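Let me begin by presenting the structure, written as structure tokens, before commenting on it.
No value in this document is a laboratory result; all are computed from the given coordinates. Since this is a predicted model, take the numbers as computed values, not measurements. No Cβ is skipped: glycine too gets one built from the backbone with ideal geometry, and neighbour counts run over all protein chains shown.
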Amino acid sequence: MTRLTNPARRALLLTCILSSACASTTSTSSATQTPATSAPLTQGSTPGEVVLSADLLVRPLSGNVLLHVSWKEVEGWGRVGSNGLVVLGEREALLVDTAFTDEQTAQLLDHVETAHGRRVTHILVTHSHDDRMGGIREAQRRGITVHGLALTAERAIAEGNPPPDETFASETTLNVDGARALAFFPGAAHAPDNAVVWLPDAEVLFGGCMIREAAGTNVGNMGDASLSTWEDAVNTIRARVPSPRIVVPGHGEVGDAGLLDHTIALVRAAR
Ligand SMILES: [Zn+2]
């Protein structure tokens, strides 16, 4: 787990923890998207961490997997940090979720190319909200193939956004030049179209917004949530991925399989 030593970063992450938001495209379309005025993040807080801007960082997670975190001001939630992954293949790379915005996604894609020598050729997006696919226009402009659930495509179109290029009904496996991933739909939870991603080589489970960080005290943005099916959805993940070594929530600090129990406890408390 990360030790935070920089006060500015601690404040940013605290904001993120307190707000625990996962922004929806619809609810943020009218939001004032002001550039962050907080103090810039300091490089080197975590070994290998690279701060690309005040609103974007990349950090080694495990093996061929990097964590990307982007921040955005979201109306009603404050400054929200959002997690995604970079999975490095031989010469190409796979992204799990874009950064929050097109600009951040452009910076992230450039960084993977210049610092890691890989071109991102595929992106898996884990639902239609803009913390998951807010950078889809930049990705598609670069000719990157974006994958998502068919329901995510439907919802993206309904929200006035471009849909993923390749869709799947309930699950798909990708092998991007050696970067292997399984994406599947475990059931409606945070959103009707939330998918999760299992990276078998690094044993990393990306739970996205349906999995809450350890510091989370509520289930987050309930706008599209399904409390009645959420617990079953978490149990479906467990059946499919019995022993993940690392579990990445949509927002906040990375943890282990305990985040699944923690999420169920929060869901029960909210019912
Ligand atoms: Zn969401």
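At least 1 residues being within 16 Å of the ligand (Cβ to nearest atom) is the threshold, and among the helices (runs of 4 or more DSSP H) wholly inside the stretch 53-170 those reaching it are 130-133, 136-141, 150-158.
Across the stretch 236-252, which residue is nearest to the ligand (Cβ to nearest atom) among those that are in contact (Cβ under 8 Å) with a residue 40 or more places away in the chain and assigned to a helix (DSSP H, G or I)?
The initial filter retains those residues of the stretch 236-252 that are in contact (Cβ under 8 Å) with a residue 40 or more places away in the chain, namely 236-237, 240-241, 243-252.
Among the residues that remain, those that are also assigned to a helix (DSSP H, G or I) are: 236-237, 240.
Working: 236: 18, 237: 16, 240: 21 Å.
For the stretch 236-252, the residue satisfying everything is 237.
Please go through the stretch 184-194 and pick out each residue that is out of contact with any His (no Cβ under 7 Å at 6 or more places or on another chain) and either in a loop (DSSP other than H, G, I, E, B) or within 16 Å of the ligand (Cβ to nearest atom) (or both). Scanning the stretch 184-194 gives 185, 186, 187, 188, 189, 190, 192.
Pull up the stretch 207-226, narrow it to residues that are of a type in the set (S, T, N, Q) and away from the ligand (no atom under 11 Å from the Cβ), then point me to the one that is farthest from residue 124 (Cα to Cα).
Among residues in the stretch 207-226 that are of a type in the set (S, T, N, Q) and away from the ligand (no atom under 11 Å from the Cβ), the one farthest from residue 124 (Cα to Cα) is 217.
Confirm whether residue 197 is more than 23 Å from residue 244 (Cα to Cα) and assigned to a strand (DSSP E or B). Taking the combined requirement at face value, the residue does not satisfy it. When we screen 187, 216 for residues that are surrounded by fewer than 24 Cβ atoms within 10 Å (Cβ to Cβ) and touching an Asp or Glu at 6+ places or on another chain (Cβ under 7 Å), the only hit is 187. Considering only the stretch 221-235, I want to know if a residue exists there that is surrounded by fewer than 17 Cβ atoms within 10 Å (Cβ to Cβ), part of a loop (DSSP other than H, G, I, E, B) and in contact with a strand residue (DSSP E or B) (Cβ under 8 Å, 6 or more places away or on another chain). No, the conditions are met nowhere in the stretch 221-235.
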